[in-house]
Each structure stands twice: as C-alpha cells, then as structure tokens.
Amino acid sequence: MNCDWCGIGLKQDESWQLLQPSRNLGASFCRLEHVVPWLMKKDDWHIRDQVEVPESAGPDCAETGVELDGSAIYLVRDRRGMEVADGFASKDAVLAWAKAGGRWASN
C-alpha cells in the first residue's frame, strides 16, 4: 500500500485511511498533511472490499458537530495498532478539519 498523494510505501500499522463505507471506497496517506492537497487536486478513491464504519468513530461530524448519516466519510489514524477515527458529514468538512490541523489543532 502506498500514499495516494506522494507514493511512499506505507506500513500497515502506520497510516491514515480516508474511508467512505457507503461506497466501499478508500484512500491511504503517510501523513495528515497529504489529505489536503489530495482532496483539493486529486480526489481519486480506490474501491475496497467491505469498508465498514470504524469502531472508534463517534456519532457526530468532527468538524461541524452534526449527526452523521450513512454517507459519512471517516479519517482513521492507525498507529502501531491503535485506531483513532474521526467522522465527517462531507469532503468539505474533512478538508476544513485537516487544514486546521485535525484533532491537534490549537484553538
């Protein structure tokens, strides 16, 4: 598996996964910063087998706070077997959240 933005090889337990369970689509990244240009310029998803809603995802959009529906998008950080997932109501919400620095943004 390679980063969908820069092409670097990814380790299974060291990546960011952008997932659309309702469409069985996904994209992989080596760092959060690569999600932003990919969504803005490339947005080329891959078909995957049985993409499921991550267990660690909450019920609300991490950017807007609205309740997620069946078309939600999830950004999952997998680091050494620890999964941290954030759900989003739209690609625009993912983009705004990632541009601001994600869950580590200073408010």
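The values are calculated or read from the model by the stated rules, or taken from the named source; none is laboratory data. Nothing here was measured: the structure is a model prediction, and the numbers come from that model. Methodologically, a virtual Cβ is constructed for each residue, glycine included, from the backbone with ideal geometry; neighbour enumeration extends over all protein chains shown.
Quick look at the numbers
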read-out: For Gly65: the one exception among (1) of a type outside the set (Asp, Glu); (2) modelled with pLDDT under 95; (3) under 20 Å from Ser90 (Cβ atoms); value: (2)
read-out: Residue count for segment 75-100, restricted to those that are hydrophobic (A, V, I, L, M, F, W, C), free of Cβ contacts under 8 Å to residues at least 40 places away in the same chain, surrounded by 12 or more Cβ atoms within 10 Å (Cβ to Cβ) and assigned to a strand (DSSP E or B); value: 3
read-out: Breaking point among (1) in contact (Cβ under 8 Å) with a residue 60 or more places away in the chain; (2) in a helix (DSSP H, G or I), for Arg103; value: (1)
read-out: Of the criteria (1) more than 19 Å from Pro37 (Cβ to Cβ); (2) within 11 Å of the chain's Cα centre (by Cα); (3) charged (D, E, K, R), which one Glu83 fails; value: (2)
read-out: Residue match in segment 56-74 (condition: outside any loop (DSSP other than H, G, I, E, B) and closer than 21 Å to Leu10 by Cβ); value: yes
read-out: Residue pairs meeting the criteria (Cβ under 9 Å; at least 6 apart or on separate chains; first in contact (Cβ under 8 Å) with a residue 40 or more places away in the chain, in segment 61-72; second of a type in the set (Val, Ile, Thr)); value: Ala62/Val94; Ala72/Val53
read-out: Criterion violated by Trp38 - all others in (1) at pLDDT 95 or above; (2) outside any helix (DSSP H, G or I) satisfied; value: (2)
